[in-house]
Structures are given as structure tokens and as C-alpha cells.
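Student: If you scroll down you'll find the structure; I have some questions about it.
Read the figures in this text as sums done on the coordinates, not as results from a lab. Given the structure is predicted, the values throughout are model-derived calculations rather than measurements. Neighbour counts run over all protein chains shown; Cβ positions are idealised from the backbone, glycine included.
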């Protein structure tokens with residue numbers, strides 16, 4: 001009876017299982033399960049006394065005592081017991097991850113709807129393109145967009161998007177610059193969407209409201225700087241009909 005008890009992992013309690021689910025992903029647990037299965041199989045190969053088809057381990061078992069073979073079998077059974085717990089933890093984790101993904105997908109879909117309504121940022125006209133630039137500058141100042149750069153660095157980054165590269169690959173300078181602004185627009189919308197979709201316990205609507213308040217605060221505290229206004233002026237000049245007729249140079 002004592003021998004049978006030794007082969008069962010009694011110490012892996014529900015509390016331990018819960019900890020496994022908190023610390024490890026289903027991928028981690030699946031990897032551990034694979035290793036345990038392989039280990040138990042190799043130990044049995046060493047203990048079962050078979051020679052044909054068992055390779056080195058099977059042949060070595062011939063030189064073990066019966067008691068030693070039993071010990072190895074008990075060890076393999078103990079590993080199986082541990083593996084059963086790991087498998088249950090993995091299955092629970094898989095269900096949890098699927099539910100989490102469904103919840104996050106729903107939040108992301110809702111976030112896309114809200115951002116499309118609150119910040120559609122159309123870009124069909126030059127005035128709308130300039131509004132994209134201004135919105136990006138304000139959101140960066142509010143630390144809600146492109147936070148790897150501070151306000152001065154981001155302003156310089158936006159201004160540098162005016163520079164014409166050595167090769168345009170069939171595009172005009174104006175087309176190249178509009179493409180740069182379109183990329184900023186898509187990136188801005190995507191970042192706002194993922195920001196409010198992030199699950200911190202609040203609803204997507206609550207995160208949008210908090211975002212709007214931060215943007216309003218940024219607008220109220222500081223108007224565009226002279227450097228930022230100059231960036232808008234340069235872009236306005238580059239997008240003007242006269243600049244386009246002149247090749248944007």
C-alpha cells in the first residue's frame with residue numbers, strides 16, 4: 001500500500017494547480033507534458049527487461065536487479081501521476097486562454113467602432129491631412145501616441161516626413177508625402193484602438209472617455225508650440241496646389 005502511495009503525486013494540490021495556471025501558458029504546460037511523457041517512456045524502457053527493439057536502455061535492464069526494475073517502474077508511474085496533473089492544468093489553461101481571446105477580440109471590435117466614430121480622421125482633402133498632423137502632435141503631447149518620442153522629437157519626426165528621398169519609384173514628391181501622412185493616420189488609429197481595447201478591468205467606453213479627457217487636458221494646457229505651428233505651415237505649403245504643380249519642390 002505504501003509503495004502505491006509513493007507513485008501518486010499527492011503534493012500537487014488544487015492550490016498548486018492554480019499556481020501553475022497563473023505562472024505558465026498552455027504552451028509551457030504542453031512542453032512540460034511532452035517532456036514528462038518522454039521521460040516516463042524511457043524509464044520504462046530501462047526497467048521492462050525487453051531487449052528486442054528497446055535499444056541500449058532495454059539491454060541495460062538485463063543487468064538490473066528485480067528490485068531496481070520495480071523502483072524504476074514506480075518512478076515512471078510517479079511521473080505519470082505528475083503528468084496527469086500537468087495535463088489537467090494545461091486543459092484548464094487552454095480554456096482560459098480561449099475565453100480571454102474571445103473577450104479581447106470583442107473589446108477590439110468595439111474599440112474599432114468607437115475610434116471610427118470619435119476619431120475618424122478623414123484624409124480626402126489637404127485640410128483633413130493637416131488635421132491628421134495636428135491630432136498626432138496633440139496626442140503625442142498627451143502621451144497617447146508614439147510615446148517613444150517626446151513632443152519635440154515627434155514634431156521633428158513629422159517634419160522630416162516632408163523630405164524627398166533620392167528615389168521616388170514613379171511617385172511625385174506630393175504623392176510620397178501624402179503616403180507618409182496616410183501611414184501616420186493608420187498608425188494613429190491603430191494605436192488608439194489598441195489603447196482603449198486594452199483590458200485593465202474597465203470597459204472600452206470608459207477607456208475612451210479617459211482618453212478624451214487626457215486629450216482635452218493636453219489641448220487646454222498647452223497650445224501648439226511655434227515649432228509645431230511651423231511644421232503645420234511647411235506641410236500646408238507642401239500640399240498646396242502651387243507646390244503640387246511645381247512638382248512639390
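Student: Residue separation times 0.36 nm, minus the C-alpha to C-alpha distance between residue 78 and residue 28: what's the value?
Tutor: This chain segment gains 15.9 nm when fully extended.
Student: Can you give me the C-alpha center-to-center distance between segment 1-44 and segment 78-130, rounded to a whole angstrom?
Tutor: Going from one Cα centre to the other spans 29 Å.
Student: Let me ask something additional. Would you give the gap between the C-alpha center of segment 203-218 and the C-alpha center of segment 148-172, rounded to a whole Å?
Tutor: 29 Å
Student: Compute the angle between helix 126-141 and the longest alpha-carbon principal axis of the chain, please, reported from 0 to 90 degrees and rounded to the nearest 10.
Tutor: For helix 126-141, the angle is close to 50 degrees.
Student: On alpha-carbon atoms, Rg over Rh for segment 119-245 using Kirkwood Rh?
Tutor: Ratio value, two decimals: 1.00.
Student: Let me ask something else about it. As a test of the formula, what do you get for the chain when each DSSP H run with n ≥ 4 contributes -39,500 (n - 2.57) and the sum is divided by the residue count, at 222 nm and rounded to the nearest 500 deg cm²/dmol?
Tutor: That comes out to -24500 deg cm²/dmol.
Student: Okay, next question. Put a dot 7 Å past each Cα toward the Cβ at residue 37 and residue 59; how far apart are the dots in nm?
Tutor: 2.9 nm
Student: In Å and from the alpha-carbon atoms only, list the Rg and Dmax of segment 69-130.
Tutor: According to the Cα coordinates of segment 69-130, Rg and Dmax are 26.0, 83 Å.
Student: Multiplying the sequence separation of residue 194 and residue 125 by 0.36 nm and subtracting their Cα-Cα distance, what value in nm do you get?
Tutor: So the chain would gain 22.2 nm between residue 194 and residue 125.
Student: Consider the candidate values (i) 18.5, 62; (ii) 22.6, 88; (iii) 31.4, 96; state which one is Rg and Dmax of the Cα atoms in Å computed from the structure displayed.
Tutor: The value matching this structure is (iii).
Student: A further question on this structure: Please compute the length gained on full extension between residue 18 and residue 167, using 0.36 nm multiplied by the number of residues separating them and subtracting their Cα-Cα distance.
Tutor: 47.8 nm
Student: Let me know the Rg and Dmax you get for segment 7-145 when you use only its Cα atoms, in Å.
Tutor: Reported Rg and Dmax, both Å: 28.1, 88.
Student: If I fit a long axis through the Cα atoms of helix 26-47 and take the longest principal axis of the Cα atoms of the chain, what angle between them do I get, 0 to 90°, rounded to 10?
Tutor: Here the helix axis deviates by roughly 20 degrees.
Student: With labels modelled as points extended 7 Å from the Cα through the Cβ direction, what inter-label distance (nm, one decimal) is found for residue 97 paired with residue 71?
Tutor: A separation of 3.8 nm, rounded to one decimal place.
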